[in-house]
1. Hey, can you tell me all the residues within the range 326-368 that are of a type in the set (Val, Ile, Thr) and either under 25 Å from ASN245 (Cβ atoms) or in a loop (DSSP other than H, G, I, E, B) (or both)?
2. At least 2 residues that are modelled with pLDDT of 95 or more and either within 12 Å of the chain's Cα centre (by Cα) or at positive phi (or both) in each: list the helices (runs of 4 or more DSSP H) lying fully within the range 183-277 that qualify.
3. Quickly run through the range 214-228 and pick out the residues that are β-branched (Val, Ile, Thr), open to solvent by 30 Å² or more (accessible area, probe 1.4 Å) and free of Cβ contacts under 8 Å to residues at least 40 places away in the same chain.
4. Any idea which residue in the range 331-368 is surrounded by the most Cβ atoms within 10 Å (Cβ to Cβ), counting only those that are touching a residue at least 24 places away in the same chain (Cβ under 8 Å) and of a type in the set (Phe, Trp, Tyr)?
5. Within the range 38-50, which residues are part of a loop (DSSP other than H, G, I, E, B) and either in contact (Cβ under 8 Å) with a residue 40 or more places away in the chain or within 18 Å of the chain's Cα centre (by Cα) (or both)?
6. Among the residues of the range 229-261, which ones are open to solvent by less than 10 Å² (accessible area, probe 1.4 Å) and touching a Pro at 6+ places or on another chain (Cβ under 9 Å)?
7. Can you spot a residue in the range 282-291 that is closer than 20 Å to ASN268 by Cα and of a type in the set (Ser, Thr, Tyr)?
8. Could you list, in sequence order, the residues of the range 297-330 that are surrounded by fewer than 16 Cβ atoms within 10 Å (Cβ to Cβ) and at pLDDT below 95?
Amino acid sequence: MEQLAILLTGFLLLSLIGMMINGLFFPLFHKPVPHFTPRVSIMVPMRDEERNVVPLIQNLKKLSYPNVEFILLDDHSSDSTLALAQGQTQNDNRFRLIEGVPLQKGWAGKVHACHQLSGHASGDFLLFLDADARLRPETIENMLPFFEKGKGHLVTGFPRFPVTSLLSKLLVPMQHFVIWLHLPLPLANYSAYKQASAAHGAFMFFERNAYLAIGGHSAVKDSIVEDVHLARVMKQHGFAVKLINPTEYVTCHMYETNEEVWYGFLKNIYIGIGRSPWIVAGLTVFYSVFYFLPLPLALLAPIYGNWLFLPLLLVWIQKLYIDLQTKQKAYLCLLMPLSVLAFIVLMHASMWKSLKKEHYLWKGRAYK
C-alpha cells in the first residue's frame, strides 16, 4: 500500500509541475492598439434559446468596441427565441436577425447555421459565439492584438464556466483540466501540428480572409465537433491557431441542467477522441488509477499510514490550480475523484451509443 501511494505521489507531483509549465505556453494578452478598429462581425446561431436570447443581446449591447455588427440567426426554433430577439433589437441598427433555411442533407445543424451567418458578415474579423456566451465590455479590443502581424488567424479558448447542477459541477470544469493536462500547448500554439489542436465553439474568432481561404464552415459541414475540426483545417492550410485562456473576458453558461450536461457531452465526447475504443480504454485506466484510486487509498490512511493520503491531496492541488487559473469555484477541486468517475461513465456511454450505431440527440435533431 505504501509503495503504491509513493508511486502515485511521484507521478502526480511530476504531472502538476508539467501542468504549470504547459500553462506558460498560453499566449499572453497585450494592450489594445489605439485607433486599430477594423470591422468585426459577431454572429450567433440560435435554436430554442429563449432562456439565453435576452441576456445575450443585453450583453452584446454593452460591448465597448465601436466598429461592430451583430448577426443573429434563428435556426427554426420551436419556442419564442425569434420573437424575443425581435423585441430586444428594435431600433438598434447594429443588429440583424436572419431566419435560417431548412437544414441541408449532409450538414450538422450548428455548422449549417454558422455557414449561413458568415454569408451575411461584412467584417474584417468574424467572431462566432454560442447563445450562452457572455463577453466583458472590452473583450473585442483585447482580442484583436492576437491577430497582429499575421501571428494569429483563429483565436479561441475555453471560457469561464459558471456551474449550477451536480453534473455540471462534476463535468463542465473538466474541460479545462483535460486541456492543461493532456494538450501540449507549445505544439498547439506554436506549430502546424494539427493533431495538437483544441478549440471551443462558444468563442471562435477568425481573420476573415483565412476563414474564407479554408472554405469556412463548409470545410467541416458534417462535424458535430466542428470547433476542433476547424482548428485542424486552419493549421492544415498554414494558418496560425491561438488557443488562449479567455476566462477573464468570456463566460459560457454551458449545459445548466443535469439532462443538458448528459446529452451535450454524450454527443461530443467519443467523437472528440476520434471514435477510438483504444483511447477510451487508455483513458479509463489512466484516470481510474491516478485520479480515482487516490480516494479509496485516502480512506485507508488511518489504518495503513498517512502516506496513503498524499495522492488525493495532490489530486486536489492539481484541480485547485486549474480552477484558480480558469476563474472556477475553488471548492470544486474536492469533487475531482467523482468528476473522474462521471467522466468515465459518460465516455463509455458515448462510445457504446456509437458502436451500436444509435443516434445522438440534441435540440430535436439526430446525429450519428
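The values are calculated or read from the model by the stated rules, or taken from the named source; none is laboratory data. Not measured: the values here are computed from a predicted model. Here the Cβ is made from the backbone with ideal geometry for all residues, glycine too, and neighbour counts use every protein chain on show. In case anyone asks, the SASA skips ligands and DNA or RNA and just uses the protein heavy atoms, side chains included. Shrake-Rupley method; radii C 1.70, N 1.55, O 1.52, S 1.80 Å.
1. If the condition is that a residue be of a type in the set (Val, Ile, Thr) and either under 25 Å from ASN245 (Cβ atoms) or in a loop (DSSP other than H, G, I, E, B) (or both), then THR326, VAL340 are the ones that fit.
2. Working: elements: 185-190, 208-213, 226-236, 258-272.
By residue number, 226-236.
3. Of everything in the range 214-228, nothing turns out to be β-branched (Val, Ile, Thr), open to solvent by 30 Å² or more (accessible area, probe 1.4 Å) and free of Cβ contacts under 8 Å to residues at least 40 places away in the same chain.
4. Narrowing the range 331-368 to residues touching a residue at least 24 places away in the same chain (Cβ under 8 Å): 332, 335-344, 346-351, 353-355, 360-365, 367.
Adding the requirement that they be of a type in the set (Phe, Trp, Tyr) leaves 343, 360, 362, 367.
Details: PHE343: 22, TYR360: 19, TRP362: 19, TYR367: 14.
The extreme case among them is PHE343.
5. Our first condition is that a residue be part of a loop (DSSP other than H, G, I, E, B); within the range 38-50, this holds for 38-39, 47-50.
Across the range 38-50, the qualifying residues are PRO38, ARG39, ARG47, ASP48, GLU49.
6. LEU243, ILE244, PRO246, THR247, VAL250, CYS252
7. yes
8. Hits for the range 297-330 are LEU299, LEU300, PRO302, ILE303, TYR304, GLY305, ASN306.
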